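J.: To start, I am sharing the structure in question, which I have written as structure tokens.
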Amino acid sequence: MTKLLLSIHVLAAMLVIGPITVAASMFPRYAKQAPDSDRAAGIAKLLHRICRGYAVAGIAVPVFGLATGAQLGVLTDPWLIISIVLTAIAAAILVMAILPAQRRMLGEAEDLSATAKRLAMLTGIFNVLWVIVVVLMIVRPGSTTGA
């Protein structure tokens, strides 16, 4: 059962979080071009829909991660607790900052440059948090379950 849960957790992370990180990273570029280009506007709308839709599906990643951690008996290990906290922070940044900023950029026609810079910074932080979580999941410092 542990191998099945871990497999679903890893697949969900790759297939859900991966597209969010890519789409969110590409969004500011196209949103800035949107007022001058119907093509860029369409791409920006699609990237926002990807981020929004995959954010909902992203719930599967921590759900299966917690189930795997419980199966392995590592829910109190520091590396997992840190990963959970960082995942919660990344989710909060996505839901409370990135998605609303994308929505605002799709609606406004002025001052897109400043909003795009802030959004790019937030997306970079979101992406770095996921990199740290992935490293913690692989290295598992202090783990007694083997590497």
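The values are calculated or read from the model by the stated rules, or taken from the named source; none is laboratory data. If you're wondering where the values come from, they're calculated on a predicted model, not measured in any experiment. Using ideal geometry, Cβ is built from the backbone for each residue, glycine included, and neighbour counts are taken over all protein chains shown. Accessible surface is based on the protein model in full, side chains and every heavy atom, while ligands, DNA and RNA are left aside. Shrake-Rupley method; radii C 1.70, N 1.55, O 1.52, S 1.80 Å.
J.: Report the full-extension gain for the segment Glu110 to Thr76: residue separation times 0.36 nm, less the Cα-Cα distance, to one decimal in nm. Kindly include the intermediate steps, with their values, before the conclusion.
T.: On the way: separation 34, 0.36 × 34 = 12.24 nm, distance 4.85 nm.
Extra length from Glu110 to Thr76 when fully extended: 7.4 nm.
J.: Using only alpha-carbon positions, what ratio does the radius of gyration of the chain give when scaled by 2.2 N^0.38 Å? Intermediate values should be presented prior to the final figure.
T.: Working: Rg = 17.2 Å, N = 147, 2.2 N^0.38 = 14.7 Å.
So the Cα radius of gyration is 1.18 times the expected 2.2 N^0.38 Å.
J.: In deg cm²/dmol, rounded to 500, what helix-only [θ] at 222 nm does the chain give when every DSSP H run of at least 4 residues adds -39500 (n - 2.57) and the total is split over its residues? Before the final figure, lay out each step's value.
T.: Values: 7 runs with 113 residues, N = 147.
Counting only the DSSP helices, I get -25500 deg cm²/dmol.
J.: Would you calculate the convex hull of the Cα atoms in the stretch 54-98 and tell me its volume per residue in Å³? Show your work: numbers first, answer last.
T.: Working: hull volume 2.5 nm³, N = 45.
With only Cα atoms used, the stretch 54-98 gives 55 Å³ per residue.
J.: While we're here: Which Cα, out of Met26, Ala41, Ala91, lies furthest along the positive dipole direction of the chain (beta carbon charges, K/R +1, D/E -1)?
T.: Ala41
J.: Right, next: Just how large is the dipole of the chain about the Cα centre, in debye to the nearest 20, putting +1 at every Lys and Arg Cβ and -1 at every Asp and Glu Cβ?
T.: Values: 12 positive and 6 negative charges, 30 e Å.
Magnitude of the dipole: close to 140 debye.
J.: Could you report the accessible area of Met96 in Å², rounded to 10, computed with a 1.4 Å probe on the protein chains as they sit in the structure?
T.: Counting only protein heavy atoms, Met96 exposes about 150 Å² to solvent.
J.: To the nearest 0.05, how large is the calculated FRET efficiency for Val139 and Val10 if R₀ is 22 Å and r is the Cβ-Cβ distance?
T.: Working: r = 15 Å, r/R0 = 0.69.
Given R0 = 22 Å and the Cβ-Cβ separation, E is 0.90.
J.: If I model the stretch 72-143 as equal point scatterers sitting on the Cα atoms and use the Debye formula, what is log10 I(q)/I(0) at q = 0.11, 0.12, 0.23, 0.25 Å⁻¹?
T.: Here log10 of I(q) over I(0) equals -0.37, -0.43, -0.94, -1.03.
J.: Moving on. Could you derive backbone 3J(HN,Hα) for the stretch 79-91 from the dihedral phi with the Karplus parameters 6.51, -1.76 and 1.60 (θ = phi - 60°), listing whole Hz in sequence and x where the residue is Gly or Pro?
T.: For the stretch 79-91, the Karplus curve yields 4, 6, 4, 4, 4, 5, 4, 5, 5, 5, 5, 4, 5 Hz.
J.: On a full-extension model of 0.36 nm per residue, what is the gain between Met121 and Asp36, subtracting their alpha-carbon distance, rounded to one decimal in nm? Write out the running numbers ahead of the final one.
T.: Details: separation 85, 0.36 × 85 = 30.60 nm, distance 2.35 nm.
Extending this stretch completely gives an extra 28.3 nm.
J.: Short version: ³J(HN,Hα) in whole Hz for each residue of the stretch 32-45, in order, from phi by Karplus 6.51 cos²θ - 1.76 cosθ + 1.60 (θ = phi - 60°), x for Gly and Pro, what are they?
T.: 5, 7, 3, x, 9, 8, 5, 4, 4, 5, x, 5, 4, 5
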